[in-house]
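A.B. asks: Quick one: structure below, then a few questions.
The values are calculated or read from the model by the stated rules, or taken from the named source; none is laboratory data. Because the structure is a prediction, the values reported are computed rather than measured. Glycine also receives a Cβ, built like all others from the backbone with ideal geometry; neighbour counts cover every protein chain displayed. Protein only, heavy atoms only, side chains kept; ligands, DNA and RNA dropped before computing areas. Shrake-Rupley method; radii C 1.70, N 1.55, O 1.52, S 1.80 Å.
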Amino acid sequence: MPFSELGLSSAIQRALKDSGYKEPTPIQEKVIPLVLTHHDLLARAQTGSGKSASFVLPILELWTKTRGEGKGKIKALVLTPTRELTQQVAQTFVTMGAFLPKKPTVVSIIGGESIGDQLYAIQQGCDILVATSGRFLDVLRKKQMNLSHLEFFVLDEADKMLDLGFVEELDLILEAIPAKRQNLLFSATYPPKMEAIASKITKNPIHVTLEAQTPTVESIRQRVIEVNPENRGPLLRHLLNTEKWEQVLVFMANKRASDNIAAKFRKYGFSADSFNGDLLQEDRTYVLEQFKAKKIRILFATDIAARGLDIDGISCVINFDLPRSPADYIHRIGRTGRAGKSGVAVSFIGFGERDHFSLIEKRSSIKLPREQIAGYELIGTPPPKEKGPEPVKGKGKSKKDKARELAAKNANPSGNQ
Ligand code: AMP
């Protein structure tokens with residue numbers, strides 16, 4: 001189905017053409033008509049599916065019809081879990097609204113920049129506000145934002161917001177916005193906690209799931225390579241030299257590991273950098289631009305930094321350290337194989353990760369063959385599976401337990417809980 005049959009105006013179709021969008025993705029085909037007919041939605045969608053445009057386009061279309069005169073009033077609020085996603089969504093609104101008779105004023109508010117400046121920008125006139133949930137609350141608490149004209153409330157990658165303590169703050173947000181509004185909720189997964197917040201936010205929502213639920217993930221070749229943990233670095237270098245991967249995103253468990261390994265790979269002559277939450281906002285943006293411009297080949301990143309990254313052309317994602325949850329696994333590998341392109345996702349596992357990876361497979365309904373690479377085979381014997389020995393009765397408390405007790409006592413000297 002072409003975009004022209006989805007009820008979008010010629011100004012928006014022109015922007016689509018300019019951006020090289022030839023036809024809607026499956027999620028866009030389903031979501032756009034439903035938003036245009038004013039439904040609340042619960043959409044199961046992953047990054048890479050084209051979900052941002054699926055709400056941006058119809059919101060712009062409806063907004064043009066009701067925008068009114070004078071200074072912009074906040075008509076749409078989009079909350080996302082990360083700075084990068086916020087900026088990407090805001091940019092999509094700007095790009096897709098570029099040919100409208102009156103362009104929308106889009107303001108994005110993210111942490112790491114002055115609240116005062118952001119509030120000022122909102123007060124100068126804002127039609128569409130895109131924000132990370134945390135920073136939005138900070139601004140909300142200043143009580144200087146007029147949300148009474150709000151018509152659209154969107155949560156993007158809502159499951160990721162749950163991890164960030166969003167549930168606790170949701171009531172504050174719902175109190176601040178009009179009860180009558182259209183709600184669109186996008187999430188890759190729907191854990192029980194998510195159902196609870198969905199019922200708080202939406203009214204008679206239509207559930208949108210796609211038959212082929214993970215079309216982009218299907219275009220990703222998933223591999224699992226067994227390797228001893230200490231051999232992961234050498235194996236990665238070997239693969240980088242032998243496979244034809246251009247841009248490679250490598251997931252690490254923590255910030256320090258991502259910095260250290262990037263420095264090590266640079267020493268070996270690779271074009272590598274790290275991307276983690278310790279970086280200042282401007283450095284994050286810079287590193288990302290360098291990666292997008294293919295000036296960096298290998299980016300070592302942590303989950304929190306990489307959430308929602310919109311980079312096309314990543315040929316390979318490596319799970320150097322495994323993600324904690326199956327949902328994170330899908331999010332991570334979804335960084336490759338975007339917008340119809342194919343990609344590879346490789347997970348390194350040792351003896352210690354076998355069970356955890358099996359769980360990820362089970363939850364994601366996949367089963368992948370285990371590979372070993374000559375020269376980097378998994379050696380040694382798996383540790384015995386039985387539980388550790390029972391604690392010896394009467395044995396003194398461990399140093400850690402003693403320290404914990406002391407800390408608890410200091411924090412609560414009266415002993416009251
Ligand atoms: P998203 O899932 O919203 O993060 O989008 C993933 C990528 O697909 C982004 O780079 C979009 O610019 C691109 N994209 C979204 N919709 C289309 C489309 N209909 N045709 C081509 N590319 C698209």
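A.B. asks: Given Cβ point charges of +1 (Lys, Arg) and -1 (Asp, Glu) and nothing else, what value in debye, to the nearest 20, does the dipole of segment 220-371 about its Cα centre take?
C.D. replies: Dipole of segment 220-371, to the nearest 20 debye: 320 debye.
A.B. asks: Something else: So what is the 222 nm mean residue ellipticity for the chain from helices alone, if each DSSP H run of at least 4 adds -39500 (n - 2.57) and you divide by all residues, rounding to the nearest 500 deg cm²/dmol?
C.D. replies: Calculated at 222 nm, the ellipticity per residue is -12000 deg cm²/dmol.
A.B. asks: Would you mind counting up the charge near N254? Only other residues with Cβ under 11 Å from its Cβ, with Lys and Arg at +1 and Asp and Glu at -1.
C.D. replies: Local charge sum for N254: -2.
A.B. asks: Counting each pair of different Cα atoms once, what's the Kirkwood radius of segment 220-371 in Å, rounded to one decimal?
C.D. replies: 15.4
A.B. asks: Taking the chain as a Gaussian network, where each spring joins two C-alpha atoms under 10 Å apart, which residue of T242, T95, T302 fluctuates the most?
C.D. replies: Highest fluctuation of the listed residues: T242.
A.B. asks: State whether segment 11-75 is rounded, prolate or oblate according to the following rule on the C-alpha gyration tensor (a ≥ b ≥ c being the square roots of its eigenvalues): a/c under 1.5 gives rounded; otherwise a/b larger than b/c gives prolate, and the remaining case gives oblate.
C.D. replies: Because a/c hits 1.5 or more and a/b fails to exceed b/c, segment 11-75 counts as oblate.
A.B. asks: Another question about this same structure. Post the alpha-carbon centroid distance, segment 116-146 to segment 32-66, in whole angstrom.
C.D. replies: The distance from the Cα centre of segment 116-146 to that of segment 32-66 comes to 22 Å.
A.B. asks: Over the chain, what is the mean sequence separation of C-alpha contacts under 8 Å (at least six apart), divided by residue count, expressed as relative contact order in percent?
C.D. replies: Answer for the chain is 16 percent.
A.B. asks: Cα axis of helix 232-242 to longest principal axis of the chain: angle in degrees, 0 to 90, nearest 10?
C.D. replies: Computed tilt is about 60 degrees.
A.B. asks: Report the charge-dipole magnitude of segment 3-209 in Debye, nearest 20, computed about the Cα centre from +1 at each Lys and Arg Cβ and -1 at each Asp and Glu Cβ.
C.D. replies: I would put it at about 520 debye.
A.B. asks: Let me ask another. How large a share of the accessible area of the chain, in percent, is made up of carbon and sulfur atoms when the probe is 1.4 Å and the other protein chains stay in place?
C.D. replies: 51
A.B. asks: If you don't mind, there's one more thing I want to ask. Amide H of Q222: which non-local residues (sequence gap of 5 or more, or other chain) have their own amide H closer than 5 Å, using H built in the peptide plane?
C.D. replies: Excluding prolines and chain starts, which carry no amide H, the hits are A345.
A.B. asks: Shifting gears a bit: Could you rank D328, D117, D312, D273 by how accessible they are, 1.4 Å probe, largest area first?
C.D. replies: Result of the area sort, largest leading: D117, D312, D273, D328.
A.B. asks: Express as a percent, rounded to the nearest 5, the fraction of DSSP beta bridges in segment 3-209 (both residues included) that run antiparallel.
C.D. replies: 0
A.B. asks: Just the number please: accessible area per residue for the chain, 1.4 Å probe, all protein chains included, in Å².
C.D. replies: 50
A.B. asks: Sticking with this structure for a sec: Once you've got the GNM for the chain with C-alpha springs shorter than 10 Å, pick whichever of G350, G269, G277 has the biggest mean-square fluctuation.
C.D. replies: Sorting by GNM fluctuation, first place goes to G269.
A.B. asks: Can I ask one more? Let me see the pair-distance distribution of segment 3-209: every alpha carbon pair, 10 Å bin width, integer percents in order.
C.D. replies: Pairs per bin, as whole percents: 8, 38, 39, 14, 0.
A.B. asks: Would you tell me the accessible area of S4, worked out with a 1.4 angstrom probe on the heavy atoms of the protein chains, in Å² to the nearest 10?
C.D. replies: So the heavy atoms of S4 present about 70 Å² to solvent.
A.B. asks: Please give the helix 51-66 orientation as an angle from the longest Cα principal axis of the chain, in degrees from 0 to 90, rounded to the nearest 10.
C.D. replies: The angle comes out near 20 degrees.
A.B. asks: Relative to the first principal axis of the alpha-carbon coordinates of the chain, what is the inclination of helix 83-96, with its axis defined by its Cα atoms, in degrees from 0 to 90 and to the nearest 10?
C.D. replies: Roughly 30 degrees, rounded to the nearest 10.
A.B. asks: Roughly how many debye, to the nearest 20, is the charge dipole of the chain about its Cα centre, given +1 on each Lys and Arg Cβ, -1 on each Asp and Glu Cβ, and no other charges?
C.D. replies: With only Lys, Arg, Asp and Glu charged at Cβ, the dipole is about 620 debye.
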